[in-house]
Amino acid sequence: MRIRISGLDFQYRKGPFLFKNINLEIPLDGLVVVTGNSGSGKTTLIKLIAGLLTPVAGQIKFDFNGKPVDDIQFGYLFQNPDDQIVHFNLERELAFNLENRGIPVAEMHRRVEDYLYRYDLADRRNDSPNRLSGGEKQRLALAGMMISCPGIMILDEPCSFLDSPAQVRLYKQIAALRKEGVSVIWVSKEDHEIRLADYVIELDSGEVSWSGQSDEYLKRFENSHAA
Amino acid sequence: MLPEISLTIRNLEFRFDKADSFRLWIDQLDHSFCGILGLHGLSGSGKTSFSKLLCGLLKPSAGTIALSMNSGATLPRVGYAPQFPERILLGVQIGDTVRQIASLKRREPDLITLIQKYLQCFSLDFERIKNRSGYELSGGELRRLALALSLSLAPDLLILDEPTVGLGRRGKAQLFSILENFQNDHQIIIVSHDFKLIRQICRHYWILHEGNLIFNGDDETLRSFPDIIEQVGINSLEKYFSQ
């Protein structure tokens, strides 16, 4: 599957244009990392891809072997877990996603139980999300996104609040999902996470400054640091 | 001049309420701050709650926690930069937040100049962002704004809760360079789940685990506690990437 972006313009309210005539093709095989300095447009780009923002002009289309695909189920993880969490306890938060998708009650209970344990949150199932630490909130938001098994996962800096063991668990989980054919778009500023990518897109002040295979990106990056 | 600050804790307990499964408990701690201190622990270990107890944003459920200036004359002024930077926003536009903070301190013109100076150190132009909503900034820009505001208030003890979340390579380098000077006149606590960061800039570490303080010492001492290093997953990322 590929994302084809053509003639994309975007501005917030009446502010300056963040993107002007962006043309980009993104292969969705494996892990795509979107990187760049803060304010370069990473979050805006993935929100446009997920349909959370609407382009001022241009198109974002998905295709498989040249044929358009329009029934994609996205999972989106916000940069700030507070933006994602809507319920008053952890069980309800996880069940919410499944209820919206009409999953039968017995299956819903089974999956909620499974994800509470997978994300090490079972002891806090009845707590209010407001009582969770930043890392626990991020685990809850991730569990809430993953539980509905989306076809394309878009994660905005998913490790920012995770401690090292939880980061390692997520890397392993993403590696397993890639084997199952799930596509992942991941925003990151961390060099070690770029090393996990198959494809890298680098943004600089609203321009695509690099788009290509990760090994080529890393070679270029290492050369520029050696120079 | 670096303020001399001491901390005394006796039988400190904190819970959000009686039914809460989380409990922070430190029976005794006497500490004289000397250089940047790193507060580390896994998610949910109590780092943010402990930080908020230190600066008085939370009250103990039992026991005492007290900061004092060694000169004895006044209490230390403690500042806290929150983990989620949007919590510093006080108005519709960024300019409103800056003005409100400046007016609270009753030295508005000086403080606004200082805020502008710190924003500049973080490559942010106050004139360019002052009329924008804080929610229009990227995560990294919002973090740099929150850091600039808390640094400009120049407290005796500044607690930075996860200060590098959302910062890229350039933002981290800018923060380290600012702290290099700031540490000469202010005590600093860096709260982070990222031990690499703590090891890089802190002289002394506190490590919390499940609400208990399990380590209080320097890097050399920590190396002789492999069980603690294992317990809080200090080397887990290195192990994963070396496989």
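The values are calculated or read from the model by the stated rules, or taken from the named source; none is laboratory data. Quick caveat: nothing in here was measured; it's all calculated off a predicted structure. Because the Cβ atoms are built from the backbone with ideal geometry, glycine has one as well, and the counts that use them run over all protein chains shown. SASA here: full protein model, heavy atoms, side chains in, ligands and nucleic acids out. Shrake-Rupley method; radii C 1.70, N 1.55, O 1.52, S 1.80 Å.
What are the residues of the stretch B:29-50 that lose 20 Å² or more of accessible area, with a 1.4 Å probe, going from their chain alone to all protein chains?
Residues of the stretch B:29-50 that lose at least 20 Å² of accessible area once the other chains are added: B:Leu42, B:Ser43, B:Gly44.
Within the accessible area of the stretch A:89-131, what % is carbon and sulfur when the probe is 1.4 Å and the other protein chains stay in place?
44
Just the number, please: carbon plus sulfur as a percent of the accessible area of the stretch B:39-130, 1.4 Å probe, no ligands or DNA/RNA counted.
C and S atoms contribute 53 percent here.
At what distance in nm do the modelled label points of A:Arg101 and A:Asn65 sit from each other, each positioned 7 Å from its Cα along Cα→Cβ?
Reported label-point gap for A:Arg101 and A:Asn65 is 2.5 nm.
Under the rule a/c < 1.5 gives rounded, and otherwise a/b versus b/c splits prolate from oblate, where does the stretch A:9-60 land using the Cα gyration tensor?
prolate
In degrees from 0 to 90, rounded to the nearest 10, what is the angle of the helix B:108-121 Cα long axis to the longest principal axis of chain B?
In chain B, helix B:108-121 runs at an angle near 70 degrees to the longest axis.
Where q = 0.15, 0.16, 0.17, 0.20 Å⁻¹, what log10 of I(q)/I(0) comes from the Debye formula for the stretch B:33-161, counting one point per Cα?
Each listed q maps to, in turn, -0.80, -0.89, -0.98, -1.22.
If you build the Cα gyration tensor of the protein assembly as shown and take the root of 5 times each eigenvalue, what three semi-axes come out, in whole angstrom, biggest first?
They are 37, 28, 22 Å, listed largest first.
Would you grab the residues whose amide H sits under 5 Å from the one on A:Val34? Only those 5+ places off in sequence or on another chain, please, with H modelled 1.01 Å from N.
A:Trp186, A:Val187, A:Ser188, A:Ile201
Hey, any idea what Rg/Rh is for chain A, computing Rh the Kirkwood way over Cα pairs?
With Rg and the Kirkwood Rh in hand, the quotient comes to 0.98.
How do A:Val33, A:Val105 stack up against each other in accessible area, from largest to smallest, with a 1.4 angstrom probe?
Putting A:Val33, A:Val105 in descending order of accessible area: A:Val105, A:Val33.
Nearest 100 Å² is fine: how much accessible area is buried between A and B, summed over both sides, with a 1.4 Å probe?
In total, chains A and B hide about 2900 Å² from solvent.
Beyond 22 Å, what share of the Cα-Cα pairs of chain B remains, rounded to the nearest whole percent?
Cα-Cα pairs of chain B separated by over 22 Å account for 56 percent.
Which parts of the stretch A:29-44, residue by residue, lose 30 Å² or more of accessible area when the rest of the protein chains are there, as against the chain isolated (1.4 Å probe)?
Going by heavy-atom accessible area, the residues of the stretch A:29-44 that drop by at least 30 Å² are A:Asn37, A:Ser38, A:Gly39.
Roughly what % of DSSP beta bridges within chain A run antiparallel, to the nearest 5?
So the antiparallel bridges in chain A amount to around 55 percent.
How charged is the neighbourhood of A:Tyr76? Take every other residue with its Cβ under 15 Å from the Cβ of A:Tyr76, and add Lys/Arg as +1 and Asp/Glu as -1.
So the environment of A:Tyr76 carries a net charge of -1.
Can you pull a Stokes-Einstein diffusion coefficient for the stretch A:136-214 at 4 °C (1.567 mPa s), Rh from Kirkwood over Cα pairs, as a whole number of µm²/s?
96
For the pairs A:Lys172/B:Lys239; A:Lys47/A:Lys179; A:Lys14/B:Lys130, flag any whose C-alpha to C-alpha distance is greater than 20 Å.
Listed pairs above 20 Å: A:Lys47/A:Lys179.
Against the longest alpha carbon principal axis of chain B, how many degrees, from 0 to 90 and to the nearest 10, is the axis of helix B:139-152 turned?
90
Run the dipole for the stretch B:47-164 about the Cα centre, Lys and Arg Cβ at +1, Asp and Glu Cβ at -1, nothing else charged, and hand back the magnitude in debye, nearest 20.
About 220 debye.
Compute the angle between helix B:169-182 and the longest alpha-carbon principal axis of chain B, please, reported from 0 to 90 degrees and rounded to the nearest 10.
Orientation of helix B:169-182: about 80 degrees from the principal axis.
Apply the Karplus curve 6.51 cos²θ - 1.76 cosθ + 1.60, θ = phi - 60°, to the phi angles in the stretch A:58-65 and return the couplings in whole Hz, x for Gly and Pro.
For the stretch A:58-65, the Karplus-derived couplings read x, 9, 10, 10, 10, 9, 10, 6 Hz, x marking Gly and Pro.
Just B:Gly41, B:Gly79, B:Gly166 to compare: in a GNM of chain B, with alpha carbon springs under 10 Å, which one fluctuates most?
For chain B, modelled as a Gaussian network with Cα springs under 10 Å, the answer is B:Gly166.
Amide H neighbours of B:Gly91 under 5 Å, at least 5 residues apart or on other chains, H built in the peptide plane: list them.
Distant-sequence amide H within range of B:Gly91: B:Thr97.
Quick one: P(r) of the stretch B:80-154 from all Cα-Cα pairs, 5 Å bins, percents rounded to integers, in order of increasing distance.
Result returned by the calculation: 3, 18, 32, 31, 14, 2.
Check B:Asn235: other-chain or 5+ apart residues with amide H under 5 Å from its amide H, H built from backbone geometry?
Amide H neighbours of B:Asn235, under 5 Å, 5+ apart: none.
Mind ranking A:Arg111, B:Arg223, B:Arg77, B:Arg144 by accessible surface for me, highest first, 1.4 Å probe?
My answer, sorted largest first, is B:Arg223, B:Arg77, A:Arg111, B:Arg144.
Counting only heavy atoms of protein chains, what accessible area per residue, in Å², does the stretch B:80-154 have with a probe of 1.4 Å?
Per residue, the stretch B:80-154 has 45 Å² of solvent-accessible surface.
Applying the Karplus parametrisation 6.51 cos²θ - 1.76 cosθ + 1.60 with θ = phi - 60° to the phi angles of the stretch A:187-196, what ³J(HN,Hα) value in whole Hz is obtained for each residue in order, glycine and proline being reported as x?
8, 8, 10, 8, 4, 5, 7, 4, 5, 7
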